[in-house]
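Data first, discussion second: the structure below is written as structure tokens.
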Amino acid sequence: MKTILQQLQQVHDRIAAAAHACDRLPEQVHLLAVSKTKPIAAIEAAYQGGQRQFGENYVQEAIEKIQALSATHLDIEWHLIGPLQSNKTKVVAEYFAWVQTLDRLKIAERLSQQRPAHLAPLQVCLQVNISREANKSGILPEEVAALADKVAQLPQLNLRGLMAIPEATEDTEKLKSQLLELQQLFDRMAQIYSSLDTLSVGMSNDLEIAVACGSTLVRVGTAIFGTRPT
Ligand SMILES: *Cc1c(COP(=O)(O)O)cnc(C)c1O
């Protein structure tokens, strides 16, 4: 069995190869290590390998880990990549550096109000439902401009980009066309908002195609930490 360190290195190699294949620089693609359901020791192992950005899905689980690691791992940047209910915004505003799953103005307003003044603004991405699946969170592509306009005015939020969880499909052409639509949307928004530099898409199984479609932040769990209990 490979160690977390070896698997982390393999993911870096995959990102570099994918970037070179489409004439991008590997440094243009950042890696978010998705540590949901994984123990503190796994996070520490990846940290030893130089990893600093970690993503968590479940607020309660994340807060426990952040608190446990906060004394010794000060420079970890925590990203919330799971759904956020309005009754959890306060702890999220206090503990996370990023929220990638913003899809409602009400949540955005609460996060901005509740972000402690001594901290840098919360970095946020709007979650876009690029596959238009009925049961999926995120706003539709045509709703992005209106929400971005409102979010950009909130003082304690910094609008950094767009995030998407593509459809689980074997049809790579379909996947690619959805990702290219997302990339075009991102490029249009980045012309309006100079703070936009993050297109968060790509996971263990599809990071190569995401990098080919302009991803600047891949979110990888399984390929670093191994499979999760289902
Ligand atoms: C779990 C999760 C990931 C990581 O998925 P893997 O397939 O394990 O790499 C990425 N993004 C989100 C939003 C997730 O929930």
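Taken together, the values in this text are just the output of simple stated rules run on the coordinates, not laboratory data. Here the structure is a predicted model, which means the values were calculated and not measured. Neighbour counts are summed over all protein chains in view; Cβ atoms, including those assigned to glycine, are modelled from backbone coordinates with ideal geometry.
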7 Å from Cα along Cα→Cβ at both Arg228 and Gln156: what's the point-to-point distance in nm?
2.8
What is the set of long-range amide H partners of Leu217 at a cut-off below 5 Å, with H atoms built 1.01 Å from backbone N?
His30, Leu199, Val201
Seen from all sides and averaged, what is the projected area of the convex hull of the Cα atoms in the chain, in nm²?
12.5
So what is the calculated 222 nm ellipticity per residue for the chain, using -39500 (n - 2.57) for each DSSP H run with n of 4 or more, over all residues, to the nearest 500 deg cm²/dmol?
-12000 deg cm²/dmol
Once Asn205 and Glu167 are pulled to full extension, the length gained, defined as 0.36 nm per residue separation minus their Cα-Cα distance, is 12.5 nm
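Would you mind working out the magnitude of the charge dipole of segment 4-225 relative to its Cα centre, with +1 at each Lys and Arg C-beta and -1 at each Asp and Glu C-beta, to the nearest 20 Debye? All intermediate terms of the calculation are to be shown ahead of the outcome.
Values: 20 positive and 25 negative charges, 124 e Å.
In total the dipole reaches around 600 debye.
Over segment 181-230, calculate the relative contact order: mean separation of alpha carbon pairs under 8 Å at least 6 apart, over the residue count, as a percent.
Values: 50 pairs, mean separation 15.1, N = 50.
This gives 30 percent for segment 181-230.
Lys pairs in the chain, Cα-Cα under 14 Å, at least 8 apart or on separate chains: how many?
Details: Lys36/Lys65; Lys38/Lys65; Lys88/Lys106; Lys90/Lys106; Lys106/Lys150.
Close lysine pairs found across the chain: 5.
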First check a/c for segment 11-126, with a ≥ b ≥ c the square roots of the eigenvalues of its C-alpha gyration tensor; if it is under 1.5, answer rounded, and if not, answer prolate when a/b is larger than b/c or oblate otherwise.
oblate
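If you rank His79, His73, His118 by fewest surrounding Cβ atoms within 10 Å, what's the result? Present the calculation step by step, with values, prior to reporting the outcome.
On the way: His79 25, His73 16, His118 5.
Lowest count first: His118, His73, His79.
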Virtual spin-label span in nm between Glu94 and Gln10, 7 Å along Cα→Cβ
4.0
So which residue, out of Ile81, Ile40, Ile15, gets the largest mean-square fluctuation from a GNM of the chain using Cα contacts under 10 Å as springs?
Ile40
Across Gly49, Gly161, Gly202, the residue with the highest GNM fluctuation in the chain (Cα network, 10 Å cutoff) is Gly49
Cα centroid distance between segment 191-215 and segment 39-111, in Å?
20
If exposed means no more than 12 neighbouring beta carbons inside 10 Å and the site is in a DSSP loop, what's the longest run of the chain without any exposed trypsin sites (Lys or Arg not before Pro)?
3-131
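Compute for segment 149-230: radius of gyration divided by Kirkwood radius, i.e. Rg/Rh, restricted to C-alpha atoms, rounded to two decimals.
Working: Rg = 14.4 Å, Rh = 13.9 Å.
In segment 149-230, Rg relative to Rh is 1.04.
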Computed over the chain, the relative contact order (Cα-Cα under 8 Å, seq sep at least six) in percent reads 21
If one builds a Gaussian network model of the chain from Cα atoms under 10 Å apart, the most fluctuating residue listed among Glu27, Glu167, Glu109 is Glu27
Work out the charge dipole of the chain with +1 on the Cβ of Lys and Arg and -1 on the Cβ of Asp and Glu about the Cα centre, then indicate which of Leu199, Gln28, Ala62 is farthest towards its positive end.
Ala62
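Grab the Cα-Cα distance for Arg188 and His73, subtract it from 0.36 nm times how many residues apart they are, and report the gain in nm with one decimal. Mind showing how you got there, number by number?
Numbers: separation 115, 0.36 × 115 = 41.40 nm, distance 3.68 nm.
In short, 37.7 nm is gained.
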